[in-house]
Each structure stands twice: as structure tokens, then as C-alpha cells.
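Data block below; observations after.
No value in this document is a laboratory result; all are computed from the given coordinates. Predicted, not measured: the structure shown is a model, and the values here were computed from it. A quick note on method: Cβ atoms are made from the backbone with ideal geometry, for glycine too, and the neighbour counts reach across all protein chains shown.
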Amino acid sequence: MNIILIGMPGSGKTTIGKRLADILGMDFRDLDCMIEEETGRSIPDIFRESGESHFRDIEESVCRKAASFENTVISTGGGAILRQGGMSLLKESGKVVFLDTPVDTILERTDFSGRPLLKDDAGRIRRLHEERISLYRLYADIVLDNAGSADETLKNAVNVLD
Ligand code: S3P
């Protein structure tokens, strides 16, 4: 069974995911890294040179591949929920955990350089959150509150997942 972390960019999926995998004795994979490894291009380059729709095609195919992983904590990109085919397959492979980090916390904690959809635009991040929150909730088997410290979030995660 896999654990699939979904949530906004900057919500802490990679940080929490790596630590959760360590605690639970699972593997860890980051789908943004998989995209960069498979294409040999950085995510900002893919957006700039080929556009968002092409990026979503690649992201969806990586989600489909990741659905065959076993015993892996999978950190998805914030927009992975935008393609139903890939997300539905991932959901069948394990438990989907929505890392629910308040937008203000995201804005305080995150350096958004190198994240093409966001840059330093707080308004854009708030709009993305409004557009996506219902999809995050729709796919989630578990909603994990991440308003506090990473330690608290991990403790709660282990309680609900173990
Ligand atoms: C995106 C989030 C990014 C990355 C890409 C698009 C999004 O991943 O996949 O820049 O649409 O929210 P993170 O959520 O890991 O930042």
C-alpha cells in the first residue's frame, strides 16, 4: 500500500513525506523529481518551453507509473489533482492524504522562486487554493491538519495511518 500526499505547492509534502517514510519504514518518491529525471528538463523549463498543458500530460503519465509502486510515500505536485485519470489510479494504489496547510502559513514558510505558476504572487496562491481546495478534499482519504509544527503533523499522521 502507498501513501499519496496531495496539497498546495509549499504545503510541505516533500518535507513531511520524507520523514513519514522514514518513520513508517517505507520508500519515498517525489513526482516532480521523477518528471525532471525522465525528461532531463527542469519544471520551469518545461512550463516555459512547452506550456502547462504539456507539463500536465507528463505529470499524468508519471502519476500512472507511480500507481504501480509498493510501500512508498509518494509526494505529488500541487496540480496532480487536475488530471482525473492519473489521480484515480494513484488513489487505488493506497491512501491519499491531503496535507492541509493554511494559505497564510504557506506564504510565510515558502520560497517560491523556481515554481513557475506562483512566483512571489500571494494573490495567485490564494486563487489557486480556492480553485483547488474542493479537488484536494474530493480525492483525500485522510485530511491531515498541517497548521502547526512538522513534529505535530507527523505525530497525527502516524496515529491515523498506523
Ligand atoms: C505545481 C506545483 C509544483 C510543480 C509545478 C506545478 C502546481 O509542485 O509540480 O510547478 O500546479 O501546483 P509542488 O507542489 O511540489 O511545488
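Data overview
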| quantity | calculated |
| --- | --- |
| Amide H contacts of V96 (H built 1.01 Å from N, under 5 Å, at least 5 apart or other chain) | I4, D141, I142 |
| Under-5 Å amide H pairs with T101, H placed in peptide plane, nonlocal only | M8, N146 |
| Helix runs (DSSP H) in the chain reaching 20 Å along axis by Cα, Kyte-Doolittle at least -1.0 | 122-139 |
| 5 angstrom amide H check on F112, placed H, neighbours 5+ away | none |
| Length-normalised contact order for the chain - Cα pairs under 8 Å, 6+ apart - percent | 33 |
| Burial order of peptide ranges 1-12, 84-95 (average beta-carbon count within 10 Å, highest first) | 1-12, 84-95 |
| Cα shape, the chain, gyration tensor, a/c 1.5 rule | oblate |
| Whole-Hz ³J(HN,Hα) from phi, Karplus 6.51 cos²θ - 1.76 cosθ + 1.60, for the stretch 95-106, glycine and proline x | 9, 8, 10, 8, 7, 8, 9, x, 4, 4, 5, 4 |
| FRET efficiency estimate (nearest 0.05) - Cβ-Cβ, V158 to H54, R0 30 angstrom | 0.20 |
